[in-house]
Each structure stands twice: as structure tokens, then as C-alpha cells.
Amino acid sequence: MYVTSKEESQILNEVNAGTPMGDFLRRYWWPVGFSADLKDKATYVKIMGEGLVLFRDLKGGVNLIDALCPHRRANLCLGMVGPEGIRCKYHGWLMNGEGDCLDVPGEPKDSTFKHSVKVTAYPIQELGGLIFTYMGPQPAPLLPNYDFLVGDGDCYLTIQGFQDCHWLQCVENGLDPVHPSFTHGGAWPDIANTEPDLGFEETEQGLVYKAFRNTGDKDNQNYREHHLLMPGVSCGGSGGRYLSGEQSGTPVSAARWTVPIDETHSVLFRARYKPGDNPAHYEGDPFTKRWKPKPEPFIEPWKEYRNQDASPTLGYEVPPLHFIEDGMVIDSIGPVADRENENLSPVVDEGIIMLRKMYLREIKRMQAGEDPKGIIRDSKKNQIIHITAYERWVSEDERKELEKTGA
Amino acid sequence: MYVTSKEESQILNEVNAGTPMGDFLRRYWWPVGFSADLKDKATYVKIMGEGLVLFRDLKGGVNLIDALCPHRRANLCLGMVGPEGIRCKYHGWLMNGEGDCLDVPGEPKDSTFKHSVKVTAYPIQELGGLIFTYMGPQPAPLLPNYDFLVGDGDCYLTIQGFQDCHWLQCVENGLDPVHPSFTHGGAWPDIANTEPDLGFEETEQGLVYKAFRNTGDKDNQNYREHHLLMPGVSCGGSGGRYLSGEQSGTPVSAARWTVPIDETHSVLFRARYKPGDNPAHYEGDPFTKRWKPKPEPFIEPWKEYRNQDASPTLGYEVPPLHFIEDGMVIDSIGPVADRENENLSPVVDEGIIMLRKMYLREIKRMQAGEDPKGIIRDSKKNQIIHITAYERWVSEDERKELEKTGA
Amino acid sequence: MYVTSKEESQILNEVNAGTPMGDFLRRYWWPVGFSADLKDKATYVKIMGEGLVLFRDLKGGVNLIDALCPHRRANLCLGMVGPEGIRCKYHGWLMNGEGDCLDVPGEPKDSTFKHSVKVTAYPIQELGGLIFTYMGPQPAPLLPNYDFLVGDGDCYLTIQGFQDCHWLQCVENGLDPVHPSFTHGGAWPDIANTEPDLGFEETEQGLVYKAFRNTGDKDNQNYREHHLLMPGVSCGGSGGRYLSGEQSGTPVSAARWTVPIDETHSVLFRARYKPGDNPAHYEGDPFTKRWKPKPEPFIEPWKEYRNQDASPTLGYEVPPLHFIEDGMVIDSIGPVADRENENLSPVVDEGIIMLRKMYLREIKRMQAGEDPKGIIRDSKKNQIIHITAYERWVSEDERKELEKTGA
């Protein structure tokens, strides 16, 4: 039976620069914010252990630099944004998006002191409403033109939630075709308790699972195809469940970036994509089913008695919303999964096993000087990248076709 | 002067399996819940550092197994209880009360994978409305038939409270005959500031103190007899204070189990026992005087100024309820008492000193292969165990009699 | 460029007894409370890592002793104050202000046990409404008779705030002449974004800065003179901003004691002093502009999205009150400044650099057996100590005069 060893687990857990996994993760572009929300004030973000300040200067450019002022280490997120950069709220030092210091108030006019000051600054690209950064060595690869970001149609962006756990627990949740039957039996009762037929394959961008579920109606089987795009984008079809009207044309999909805040906290960015040739429409607000905070702390010994009620109702309720269902279950594992004490099935957990081995393999490729999986440097390969992730109800004939073609 | 050494203190502090004290504590039965409250949902408990899920299967059996699913370590307390066991909310693995895995959804029907999966499961017994477990080596001793659990009469069960400190601080509070004069001068003004005459004795089950207080009326002296039943049951008489009407026959008593959650957190289970031949009755709800949460954090430097009031009223109020009085005072010691810097009086702290020495002695007996104090394996000795713990107001003659007979 | 080394930073960070800096800080008197607030109940304080109980006995004397009872370590702040001392809420042990144990209830009347019990007790002096203690070796130096405590006029005492950071960050904020232009541009728009001309000098008591700001009106320049009185009293003029009417005579000033609670928490005591010959008066309540708690935690990654709003307003607001402005900026540095990664300007940060070197130098003097800077033992030098700290609007001629005389 496959067990992730303690040593492998330690490698997978690291996110900081200078570690194998931390350096590997820095070879990819990561989302850090939403273009529409970033206006004239700075905000604080943290990615892979690095506290950063994100701001749009008054010329319109988006910038991401060290959060702590190089002078006396006050947090620049309290500062004032101007056309050239951001002024620290403490002593007014002016830092620009390249990490240069442009002004030190109180210094003599001819002082060259400011030229000795420099902080980390990361490149930014905006795409499809998201703000991406690249924190690795230059030259940076291309930012992938995934169809859910650049394709014709509607894209709804939101934060899916915050997790008090290692980012990999969230990514693995995506590559896990059985859990919807149990974790989401509340939100999606039509597939509750069903056992899927599974297939896993490595792709150019990462991994895919394909799962068929007989939901009682043989001619109306549930088909889910879910991709992992390296290193941490989960792309599936649950966004289609909130549509009404006839769906046709290209299926809807939902992509989720699990961004490591640090080793035990994560933030999930989500894009729901409804292609232009799909005539269905969302019921009400497409964000209606979005994330709500989990109660904190939600699992505690004898928690039910802590509210002073002599005879409380014991047990835990998981609200039937799939973001909360996932969030509560994944956090219940703890800050970092005790992988050495897992029991992974070679059948149902094949995707998890492939994924962990793939990370470890791709780290070695990176260390050998190669680009790891999913890195794109040829713009011809980046016109638009179609990801066929979705959930559909298919007939027996369609199923046979899908199994043949691999969708 | 007796001082508990650093080494002895370290032994006393441990609660985890594999440590001398942790193994010693596991030789006894411990309460983990109330029979009446445990219905059709699982709940999370934690005892001596072990996170466990407690559930009543739909056949009626009570079960206690590892809280984290052996598959991917999600907490089973979010799962669904059925007749055979509990299904994990993550992937539907079905675990029974023996710690066996009965079903792995998605595995082929003829797969033997599930037979390789096994988790810790602890035996359960229900008695007098409480659910007890035994976490030590087999064969388990008998669960003691204390009169306050099996005797004729009324037994009121409740959680007394939660403490943010080592369990021994709570147990020692029971064996401490002086503190009621000061800690409970608010709740019980009739004995406020009185100095008792004390006696301590080792018993078959543990220790007892006997304290006489002249409360101003020589013919109406206050007599308290309080037992420590190994390893952590405190049994006294304060439950009688909330009765009205004439008390006669067997006196009322109150037993408190201090259950170690971990090294710095404890939960107190409490049984108030009114024997059937005692005609008095509780004023209103017998739980009226029960635990209320302590304000958190309740002691903090310059706390009174933190609410912005320019001239606050300084100081701390301890509400006159004995659960809160005990709870606040015991927590004020800190997570673990700095025993090396105590000053124990050979007179008033004789019980504390005897108790600590007794634990250390009984650990050695256990290590030598013997049963430690209070372990019962002969069912003849377990018909019913009468504990003469109570508080009474006695005449001078009764006092002389009590001193002679040892109650 | 001057950089505080890791080793120097470690010395500066320590506050506990037995460390060079901790011992150095204990050579001075520190405020621990307000005379008017301390009535008939004890309160808990913590200074330089030592938890203490402060109480006024019923004879009127103020006392400061170990917070934890020498018996079983319950916190004496829950105890009862009497004429002789404080009785522990746990077992009624009576401790007096010298740290002696006067009574052990339950002990035989002729017992000498209590004489073996002794705890730390610190001397107290009350001056100008503040309660001061001295925690160093005897003989204690004189408590300085600063004019803002003993002078003719009005003194308004308050807690300025609590900081979740090392005390030195607050002290350095005082010796920092540039930050008002940026940190307090909200509270004091007349000096917003101005660049001062600076001077720094060592004084008998510590350090002083003198800063002139051309505020647009050449004949109405802003002059600030701010003192650091060893080891942690910041004395400036911002208290004058809340006065109305003509100011003349001796300028108003404000003194702030930054008291280390431990290495990462501080409490700020503040005295606003309006000399008797100054006819102006405070607008409304002189405490109106006092401290309000900072939101906790106030800087957090993607904080704005944690409230579930799909399109939140990004960024941080700093309310325009100078206590909050300082408090938020200083805490944003983190619990302890990463001094090795600062960039200190030899011009604007000259005071900071002088201050750190002065501490390190004075520690060495103390270790050589000398009294460090600011220690007064000659009562003739302690009749009254005038500190010329203030903020004024001066003409060009006055400026020239001030620069000549050094105010």
C-alpha cells in the first residue's frame, strides 16, 4: 500500500522560498487579487509566507512589493497611494512598484541615501479580472490563457473561502472523485451515496479524473471530469448546478486556485465560467452560493456543553452548501494532514497518489534545470487553452463515447 | 518542608499514553458522556490527549473510536451514524465500534482493501446515566458500582465546568478542607473565614478528609467528609446545600470526575446523589447552581483600563456560586501549577501531600505488575460501594462519635 | 550605514530580571497605577515579565507584591484586602506589603510555619497622582520630581493605550521628529507632509530633538521639542493641541511612560500638564482624545474578503486620532522590529541611533558599578526638574533665538 513517507510529507509541506517545494511553486503564476476591487488604496496579502502590499498606483499600474517599509518596518498597507507609488504612513518614504525608494522626507535635497534602499517587487499581470503575480526566477513563463479566463462568455470571480490548513488538502479535494457522494450529499442529493466508476490520467497541464455515476436512471448518468492544472488550479463542473434553462454548447466549468498563505492557511480564488454558446443563465446572483465563514473553532471536545445548556443536542451540522461542506471537512483534518497515518486506496485515491508523486518528480526536474509540467514559454501554445472540465448527465451511448475518446 | 520536585512534577503532569502517569490513569474507567444526551449523532470528545468520536449506533450500542478517519484523516464527528457504525462525511468509509472498516465506497466489490484498515476502539459501559470508557490494557477491571450511581434515589448529572488547567489542580481542590472557608465564603457565608480541625486518612479507594468547623454554635458544628476515589473522583457533600425540607436518612453527596482533556485542559463531570431514604427535595431545578463560563481571559494586566473608561473600578469580582468560585481560583494558578514554588503546610496540606505521594507510589506498583489502588476485579466487592461523603451540622456529642468511628 | 546588529537587538529586547537590559531598566522608577483609582480592591499588573498584585491596604498604604500566593499559587488579585494586607481567595493566607505571611488559617496557633514564607515585595512611592515602583537593587535612587508631576497647574492622567509590541518601538516613536508629518497628517493637517529641519542632542536626562517646520507661513513656523527621559519617558507638546484660548506663560506638555509588560506587550501611561501660568483651557473633557482600542487583528491577508462581501472596499483606514495613528502604525511593525533589516537614515534617524547606542553604553556603565544616566541621588538636584518639551508656532526671529539657545 502506498504511504507518503515522513520525508516526502515534509517536502510537500514547505511553501517558503529556498525550499524545494517553495521554489517549485514559485515557477508558476498565482492570483493575488481582483482587478475590479483594487482601486485607490493598498491592501495586504500574503502568499507562500511572504507578506506583501498590493496597490494600484494613480497611473493605473498594479504593484506588489514587500509589505514592510524598508525604513523602520511599518506595514505599507496603511500608506497613501500616489501616481509614483506608495508613501509609508510612518515617515512618508515613497516606494514604487519596482521596489525602489523615490523619496525620504527630511533628508537633504542632494542626499543619495534613498538610492541605497531597495525591496522585493514582483511582476504583475492582469487577466480575465484576476491579478496574477510571479515570484520565481526570470525569465517568467507565460501566464496561461485558460479559456475560463479569456474565452467568450461570462466569468464570475469570487473568493471561495479561507482554510486553516495546508493548501494541498484543498487541491487534493479537487482530485477526489468519490467525496461528492458523501461530502456533498446535502448540497447535491441526486448523487448522494453513489459509487462512481473512476479513471485517472496525466495530462499536459497536470491530471484529470473522469467519474461516471449511475444515479438510478441508466440513461441519465452523472459524468464529472475534473482537472488539476499545475500547480494548484482545480477545474471542474460544479458551477453548472446553479444554472437554469437549457444548457447546450460548451459546458460551464469552475476553476479554483488554492493559494498558500503559509504552511497552514490557504485562500481559494474561484472563477465560474459560462461560455458564450451556452444559453442557460444563473438563477439570481451567481454568487448566491458562495462562501460563508465556518464557525470557529468548529470542532472542540464536549463543545455542545460549553453553552451552559444542561441537555444540549449533541453533534455537528454541516450546512448543505458545497463550499462549506468542503471547507469544514478539509479543515477537520487539522492544519496539516498526518499523511503517514492515512490509508490510501489504490483505486479511489489513485489521483491523490499520482499527484503527490508528480510534485516530487517535477521538483526533481526543476532541480535538474528543466521547466516543470505546465510551464508555457511558446506563445503559440498559449493562444487559448481549453480545459474540458464539467459535470454532465449523459446517456449510456454518450458514456461509451466518452470512455473511448477520453472526452 | 515537603516540596514536589521538578522531576516528580513532570511525572504528575503527563497524561499521554506511554508515560508513567498516562499509563497509570488508563488503568481506570473514565466518564466521557451522558447516556440520555447521546442520540443519533456523533460527538467529539478528547481524553488524556486522545481525540475520539463517541456515537450511539442505530442498534443502540455506544461506541468510542479514533476521531480521525483512517482514510484521509477527516474528523468522523461530522459523519453519519447508521446501524453498523459511522460513515465518514468525506468519502463514506464505514467504521464500526470495534474500529473495523466495513465499507470503502468506490472499491471493487471483491476488494479486500478494507480488511487492512483498523483504528483504536475503546470499550464502553453505561452506568447510572454516565458513559464510561476504559483505555488501558486488558483485562479491564470492573467499573465500580458507587452508590451515587447505582443506589436507590435521585441522581442529577451535569457538566460542572471546563478548566484551562491541569486536571490535578481540580482534584487537589477536592482534597482541600480549608478552601471552603475562603473560596466559598461568598456562596456559603455560614462557614466563611472559619478554621477547621482536620484529619486525613488513606482509604481502600483513595483518601478522605474529615473537617469540623465551629460555626459559632457549638452544638451545630459543620462537619465535612470528603473522599478522593482513585484516580480522580472527588466526593463530598456540597450537593446538600441546595435542598429544602428536613434531611434525614442517608446524607446527600456529590461526586465529581475530573477528566483530563490534555495536560492543560480538564472537564468536570458531576453527579448529585440524593438517596431514596432522604425526604428533602431540591429547591427548583437541581441544576440551577450549575456551571457558568468564566470570562476569558479573566485575569489580565491593567484589564480594567482596556475598556476605555478613564477611571474604571479596579479589581476582580468572583460571583458567589461555588462552581465559579472554584473554577476562577483554580484557573488563576495557571495552566500547570509551579509546584516547586509552593509552600505546603504539613498540617493543612497533608491531604495534598499524601495524594501526590500516593500517585507516585501507585505508579510504581503498576510498573511492578500489580493493580494500583482502587482497582476492583472481584465482583463480590462490587455489589455496591458506599461512600460516606457529605456535609452535616452536628452536635458536640455527634462530633465525638464521628471522631471515634471515623464516620 | 548604521545597522543594529542581531546581538545588539537581542540585548535591547530583553526585559526580564537577570538580563543586562532587564537589570538596567530596573534601576529606574516605573509607574504601575493611578492613586485615585486604587481603592479597596486589589488589581493585577505585570511589568517587565513579573506578574504582581497592586493593592491599597485598609490603612491606606499602597503595596506591590508577587501576584501568585506562595501557598498554592492562586492569584492574589482575587483576594480580600484588609488593614494588614491581602488574604488569598483560595486558603486565606494573609500577605502584607513587605511580602511576609501573617496568617495561615488552619495551622495550630503556636505554629511558626508562616515565618518561613516570604515573597517578593517592591517599594512604592506616589507622586502627582501616579503610583511608582522600583524593582532594582537598594538603595533606590530618588523618584524624579518632574515638573509635569509636581509643578503648579493641572495634570491629566490616563492610560494612552496598550501595544502588542516591544516597548522600545513606542519610545522610539517619541524620538522621531518626522513621523508627525505623515502618521498624524490626519489628526494634525497643518503639519501634514511637511519636512522638518532637525537637531538632536544628548541631555542630562536622556535625549532631545528639536524640529522646525515651515508650515506655509514663514512667521508661524511649527517648533517641536521632544525629550526622552531615561529610560522610557517621552515628553513632548502634543497636549497643547487640544487647548482653546490664548496660551502664554509656560507651554503645555505631555509625558508618556512606556511600561514593558513583557517583551512583546506594553502599556502607555500619560500625563498632560498645563502649567498654572498658562491661561488656556482644554476644550471639553481633556480625555476626549484619549486612546481607543485598535481592531484586532487589524492587518490580515485578504482581510476585506473575510466578511463575505463579494466586492469589498479594499484597504485600511487609520482614524485621525493621534493615539490610534501611533498605535496602529507601531503595532504594524510586528511584535519586535526586525532591526537588522531596517534602513536608518543618518539624518532623520539620528535620534533613534543615538538612543540605541546610549542604552548599550549605559548598560556598560551600570555593569561597571556606576549609576546610569538620569539616576538622581542628590535631593538638591531633585527640587523640581523642568523639562522644556512643547510644540509652538514661532516667528523667524524666535526660531533663530531657539536655535542659538537650544531652547
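Tabulated values for the structure
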{"read-out": "Distances in nm from A:P335 to the matching label points in the other copies, shortest first (labels 7 Å along Cα to Cβ)", "value": "1.2, 1.2"}
{"read-out": "Charge context of A:R356, other residues only, Cβ under 12 angstrom, K/R +1, D/E -1", "value": "-3"}
{"read-out": "P(r) weight above 22 Å for region A:31-127, C-alpha pairs, percent", "value": "22 percent"}
{"read-out": "Simple Cβ-charge dipole of the protein assembly as shown, Lys/Arg +1 and Asp/Glu -1, about Cα centre, in debye nearest 20", "value": "420 debye"}
{"read-out": "Using a Förster distance of 25 Å, the FRET efficiency for A:D219-A:S248 (Cβ separation, nearest 0.05)", "value": "0.90"}
{"read-out": "Karplus-derived 3J(HN,Hα), 6.51/-1.76/1.60, for each residue of region A:246-251, Hz, glycine and proline x", "value": "6, 8, 8, x, 6, x"}
{"read-out": "Phi-based couplings in Hz for region C:102-113 (Karplus 6.51, -1.76, 1.60; Gly and Pro marked x)", "value": "9, 7, 10, x, x, 6, x, 4, 9, 5, 9, 3"}
{"read-out": "Residue closest to axis [chain B; rotation mapping onto A; Cβ; Å]", "value": "B:E296, 8"}
{"read-out": "Ellipsoid equivalent to region A:40-80 - semi-axes via the Cα gyration tensor, in Å", "value": "17, 13, 8"}
{"read-out": "Area accessible to solvent at A:R27, 1.4 Å probe radius, in Å²", "value": "60 Å²"}
{"read-out": "Using a 7 Å Cα-to-Cβ projection, A:D110 label spacings across copies, nm, ascending", "value": "9.3, 9.3"}
{"read-out": "P(r) tail fraction, region A:301-373 - alpha-carbon pairs more than 17 Å apart, %", "value": "70 percent"}
{"read-out": "Helix-only mean residue ellipticity at 222 nm for chain C, each DSSP H run of n ≥ 4 adding -39500 (n - 2.57), per residue, nearest 500", "value": "-5000 deg cm²/dmol"}
{"read-out": "Computed over the protein assembly as shown, the ratio Rg/Rh where both radii use C-alpha atoms and Rh is Kirkwood", "value": "1.01"}
{"read-out": "Taking the C-alpha atoms of region B:234-303, convex hull volume expressed per residue in Å³", "value": "123 Å³"}
{"read-out": "Sequence of C:E263, B:E296 when ordered by accessible area, the most exposed leading, probe 1.4 angstrom", "value": "B:E296, C:E263"}
{"read-out": "Selection from B:H71, B:I191, B:S395 lying farthest towards where the dipole of chain B points positive, charges on Cβ", "value": "B:H71"}
{"read-out": "Binned Cα-Cα distances of region B:331-399, short to long, each 5 Å bin given as a whole percent", "value": "3, 10, 11, 13, 16, 18, 14, 10, 4, 0"}
{"read-out": "Distance between region B:47-65 and region A:39-89 - C-alpha centres, whole angstrom", "value": "51 Å"}
{"read-out": "Between helix C:350-367 and chain C: long-axis angle, C-alpha atoms, 0 to 90°, nearest 10", "value": "30 degrees"}
{"read-out": "Listed residues B:G315, B:S234, B:I352: farthest to the positive end of the dipole of chain B (Cβ charges)", "value": "B:S234"}
{"read-out": "Interchain or long-range residues, amide H under 5 Å from A:D154's placed H", "value": "A:K274, A:G276"}
{"read-out": "Accessible surface, 1.4 Å probe, highest first, among residues C:D219, A:D147, B:D164", "value": "C:D219, B:D164, A:D147"}
{"read-out": "Kirkwood Rh, Cα atoms: Rg over Rh of chain C", "value": "1.00"}
{"read-out": "Amide H contacts under 5 Å for C:D103, placed H, 5+ residues apart", "value": "C:L94"}
{"read-out": "Förster radius 30 Å - calculated FRET efficiency between C:T112 and C:Q138 (Cβ-Cβ, nearest 0.05)", "value": "0.65"}
{"read-out": "For region B:102-126 and region C:109-162, distance of Cα centres in Å", "value": "67 Å"}
{"read-out": "In order through region C:207-213: 3J(HN,Hα) via Karplus (6.51 cos²θ - 1.76 cosθ + 1.60), integer Hz, x for Gly, Pro", "value": "9, 9, 10, 10, 10, 10, 10"}
{"read-out": "Rg to Rh, two decimals, where region B:74-121 supplies the alpha carbon set and Rh follows Kirkwood", "value": "0.94"}
{"read-out": "Most to least accessible of B:T4, A:T388 (protein chains only, probe 1.4 Å)", "value": "A:T388, B:T4"}
{"read-out": "Separation between Cα centres of region B:349-397 and region B:172-250, rounded to whole Å", "value": "17 Å"}
{"read-out": "Inter-copy separations for C:D152, label at 7 Å along Cα-Cβ, nm, ascending", "value": "8.9, 9.0"}
{"read-out": "Under 14 Å from the Cα of B:K294 - aspartates and glutamates, other chains or at least 8 residues apart", "value": "B:D164, B:E317, B:E325, B:D326, B:D331"}
{"read-out": "Amide H contacts of B:I261 (H built 1.01 Å from N, under 5 Å, at least 5 apart or other chain)", "value": "B:M48, B:S266, B:V267"}
{"read-out": "Heavy atoms of C:H281: accessible area, 1.4 Å probe, square angstrom to 10", "value": "100 Å²"}
{"read-out": "Residue-level accessible surface for A:I299, protein heavy atoms, 1.4 Å, Å²", "value": "40 Å²"}
{"read-out": "Zone of B:D371's modelled label, taken as backbone nitrogen in region B:187-226 under 18 Å from a point 7 Å along Cα→Cβ", "value": "B:203-207"}
{"read-out": "With Cα atoms, 0 to 90° folded angle of helix A:322-332 axis to chain A main axis", "value": "80 degrees"}
{"read-out": "Debye intensity ratio in log₁₀ form over the Cα atoms of region B:266-407, taken at each q of 0.11 Å⁻¹", "value": "-0.82"}
{"read-out": "Those Cys residues of chain B for which no other cysteine Cβ falls under 4.7 Å", "value": "B:C77, B:C101, B:C155, B:C165, B:C170, B:C235"}
{"read-out": "Sites A:S379 and A:T203, calculated FRET efficiency, Cβ-Cβ separation with R0 30 Å, nearest 0.05", "value": "0.90"}
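The values are calculated or read from the model by the stated rules, or taken from the named source; none is laboratory data. All values reported here derive from a predicted model rather than from experimental measurement. Neighbour counts run over all protein chains shown; Cβ positions are idealised from the backbone, glycine included. Heavy atoms of the whole protein, side chains included, go into the accessibility calculation; ligands, DNA and RNA do not. Shrake-Rupley method; radii C 1.70, N 1.55, O 1.52, S 1.80 Å.
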